[in-house]
Amino acid sequence: MELLKGKVALVTGGTRGIGFAVVKCYLENGASVALCGSKKESVDKAIAELKEINPDFPVIGLYPDLKNPAEVEKAVAETKEKFGRFDIMVNNAGISARDSLYDYKPEDFVNIMNLNVTAVFNCSQAAAKVMKEQGGGVILNTSSMVSLYGQPSGVGYPASKYAVNGITKSLARELGKDNIRVNAILPGVTRTDMVAALPKEVVDRIVAPIPLGRVCEPEEVANAFLFLASDLASYITGALLSVDGAART
Ligand code: NAD
């Protein structure tokens, strides 16, 4: 079943990990997708990988500076111009730093806030303007399980994801009247490049307290993005959906 047939999505941080899985899942479900990354080379590589799976996938690559509102507006406009409409904004790009407070570099804190929070604001604003004109749409934000209870080091990252939850809840209340739904997905430990590179002992230690007894696969997170973007979730807005195997909850 093509749950997103005829829909157009823009996915930030789409070159690898969770974002790449979302792009692939959306394409397989009938959407047209603008895949965004920070560098042309990584965007081109991701597009080539997708075209190998299916040369007819309707996907374009963009690399706007998400911290720059004008560049974000241009990316949204280009997506609409290419595919004729604009339905789904996925705010997924994110970075973290794990230092303790005593060693935390102030510039790391600012960089994390700029990408994880300000970019989500910029993209939501640009997307909502187009969606309102069009009669509706869906904004989905990648938050994290640490947005529910913090983490014992790297304070900037959980702080940014608490902010993402706040943006999600507030915009859901503000934009409902314009038929724009806004939700967040809170992944647990997910097998992206970083997790895949960890030694088995470290992964075993991470997995031990997770009731489902394993890390999450990016495709399992992507399925939540699929559901929430689709009409199956037509009455769901302002939700924070955990995809974490009940880790720490
Ligand atoms: P990743 O590091 O594998 O990929 C990050 C993506 O963000 C890449 O596509 C990259 O191009 C993009 N990006 C990085 N810096 C950027 C910048 N300055 N401008 C634009 N794009 C930039 O990440 P991932 O693990 O797949 O994480 C994706 C999202 O999921 C992030 O928001 C992250 O916080 C969240 N998350 C991940 C996990 C996990 O275990 N992997 C758990 C919870 C939440």
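General observations
- Of all residues in the range 114-142, those being under 22 Å from Leu101 (Cβ atoms) and in contact with a strand residue (DSSP E or B) (Cβ under 8 Å, 6 or more places away or on another chain) number 0.
- Some residue of the range 124-133 being out of contact with any Cys (no Cβ under 9 Å at 6 or more places or on another chain), within 16 Å of the ligand (Cβ to nearest atom), of a type in the set (D, E, K, R) and touching a residue at least 12 places away in the same chain (Cβ under 8 Å): no
- For the range 169-199, the set of residues classified as assigned to a helix (DSSP H, G or I) and either within 13 Å of the ligand (Cβ to nearest atom) or modelled with pLDDT under 95 (or both) consists of Asp193, Met194, Val195, Ala196, listed by residue number.
- Test: residue in the range 200-211 that is part of a strand (DSSP E or B) and either within 11 Å of the ligand (Cβ to nearest atom) or among the polar types (S, T, N, Q) (or both): no
- Residue among Lys24, Lys45, Lys39 that alone is exposed (fewer than 14 other Cβ atoms within 10 Å of the Cβ) and either in contact (Cβ under 8 Å) with a residue 24 or more places away in the chain or away from the ligand (no atom under 11 Å from the Cβ) (or both): Lys39
- Residues satisfying the stated conditions in the range 139-171, i.e. open to solvent by less than 10 Å² (accessible area, probe 1.4 Å) and aliphatic (A, V, I, L, M): Ile139, Leu140, Val164
- Residues located in the range 1-16, provided they are near the ligand (Cβ under 10 Å from one of its atoms) and surrounded by fewer than 23 Cβ atoms within 10 Å (Cβ to Cβ): Arg16
The values are calculated or read from the model by the stated rules, or taken from the named source; none is laboratory data. Bear in mind the structure is a predicted one, so any value in this text is a computation, not a measurement. All Cβ positions, glycine included, derive from the backbone under ideal geometry; neighbour counts span all protein chains shown. Surface accessibility is based on the protein's heavy atoms, side chains included, excluding ligands, DNA and RNA. Shrake-Rupley method; radii C 1.70, N 1.55, O 1.52, S 1.80 Å.
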